[in-house]
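Some notes on the structure that comes next.
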Amino acid sequence: MNDIPTISNLYELEEERKRIVRKKCFCALIAIFLTIIIGFLSQNFEAMMFLFVFSIIISQLFTVGEVKKYEKNYKHLIILEIFKKVFTNVNFFPDKGLNYDVFKTVDVIKQPDRYSTNDYMYATYNNIPFETADVHFEEKHTDSKGRTHYSTIFQGQWYIFDFNKSFVSDVQIIDSRFGYSSRNSFFNNNFNKIQLEDIEFNDMFNTYAKNDLDAFYLLTPHTLEKLKTLKYSNKGHLIFCFNNNKLHIGVNNRRNSFEPNLYKQINVDEIEKQTLQEIYDIISFINYLDLDNTLFRKEV
């Protein structure tokens, strides 16, 4: 962790959660009360509704810093300990993420106007080192009145697996429903679109390679079946990139991992069950693709 936790046990963590919820509720009640009084005096329903929404937002901002500290303590006391039960050599930094240079190198998602990342972890599972983080790519839009808003390009988890073996392939397998691929741009950086013999796979994914032979070497019929099965078992769009001796896997599921429910009492057993479900992607990718055994053990 990059900061020393301010809470040392689960009892203190639960008391902190309750205190934050009480403060949030109190601020919301004050906002509602003021809205009713001002609305009664002004007799303006539209102004009252605007004031109500504005007051609720402002009142909740009072607890932003406290919520962030609570989340940090929650992840240190509970989530990190669950990780240690499953993985080895665990390093977990909730406030850090993947440097955007990673995505510049892989070049599979169009460049965002805004990028954020957190919940970075580096660990080992079945002798396979990996790193992962939540990532969020956003695109900027400006309407005719000059008002700016952002829309999501990609939001989910990004995994990087290291094989400790050499291959020079630069192959990308992109969910056919994902519309923000760099390969959709006019400048395609010498990638060729590959048509494989598996028609179902071609419908599910778009495959690109700088060298066609690399793609056909890596994507055997057995591997294609495994990738299709992973697609069926994962919600959201899947992206696979073979680059510089690493396998990158993106899961565009529009959610963040390992976040606490502030309004629910802490139950470690339930949290562990939920967390294990969330990290199932990591385990399934390594186990199902045999990353520790047979896949990519020969230099390409």
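Listed values, structure above:
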item	result
5 Å-binned pair-distance histogram of segment 194-244 (Cα, whole percent)	4, 19, 33, 27, 13, 4, 0
Reachable lysines, given that their alpha-carbon falls under 20 Å from the alpha-carbon of residue 96 and they are not under 8 places away in the same chain	68, 69, 72, 75, 84, 104
Aspartates and glutamates with Cα under 13 Å of residue 228, excluding same-chain neighbours fewer than 8 positions away	175, 198, 200, 203
Helix axis angle, 64-74 relative to the chain longest principal axis, alpha carbon, degrees	50
Residue range of the chain that is longest and free of chymotrypsin sites (Phe, Trp or Tyr not before Pro) which are both DSSP loop and sparsely packed (at most 13 other C-beta within 10 Å)	63-185
Positive-end extreme of charge dipole, segment 100-225 - chosen from 115, 132, 179 (charges on Cβ)	115
Dipole magnitude of the chain about its Cα centre (Cβ charges: Lys, Arg +1; Asp, Glu -1), debye to nearest 20	680
Charge dipole (debye, nearest 20) of segment 42-126; +1 at Cβ of Lys and Arg, -1 at Cβ of Asp and Glu	300
Portion, in percent, of the accessible area of segment 86-128 that falls on carbon or sulfur, probe 1.4 Å	39
Segment 150-279: projected area of the alpha-carbon convex hull, averaged over directions, in nm²	10.5
Range in the chain, longest, excluding exposed GluC sites (Glu not before Pro) [loop by DSSP; at most 15 other beta-carbon atoms within 10 Å]	1-196
Rounded tilt (10° steps) of 45-61 against the dominant C-alpha axis of the chain	70
Probe 1.4 Å, accessible area per residue of the chain, Å²	54
Computed helical MRE - 222 nm, the chain, DSSP H runs ≥ 4 contributing -39500 (n - 2.57), nearest 500	-12500 deg cm²/dmol
Solvent-accessible ranking of 61, 213, largest area first, probe 1.4 Å	213, 61
Rg ratio (alpha-carbon, reference 2.2 N^0.38 Å) - segment 240-288	1.50
Tail beyond 23 Å, pair distance distribution of segment 85-218 (Cα, percent)	48
Residue 62-residue 255 pseudo-label distance in nm [points 7 Å out on the Cα-to-Cβ vector]	3.2
Within-12-Å neighbourhood charge of residue 60 [Cβ basis; K, R +1; D, E -1]	+1
Selection of trypsin sites (Lys or Arg not before Pro), segment 195-247, meeting DSSP coil and at most 14 other Cβ within 10 Å	235
Added length on full extension, which subtracts the Cα-Cα distance from 0.36 nm per residue, residue 91 to residue 114	5.7 nm
Local net charge near residue 98, Cβ-Cβ under 12 Å (Lys/Arg +1, Asp/Glu -1)	-2
Over 32 Å between alpha carbons, listed pairs 85/193; 110/273; 193/235	85/193; 110/273
0 to 90° range, to nearest 10: angle between helix 221-233 axis and the chain longest Cα axis	10
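The values are calculated or read from the model by the stated rules, or taken from the named source; none is laboratory data. Computed from a predicted structure; not experimentally measured. Heads up, the Cβs are rebuilt from the backbone with ideal geometry, glycines too, and the neighbour counts pull from every protein chain shown. Side chains included, ligands, DNA and RNA excluded: accessible areas come from the protein's heavy atoms. Shrake-Rupley method; radii C 1.70, N 1.55, O 1.52, S 1.80 Å.
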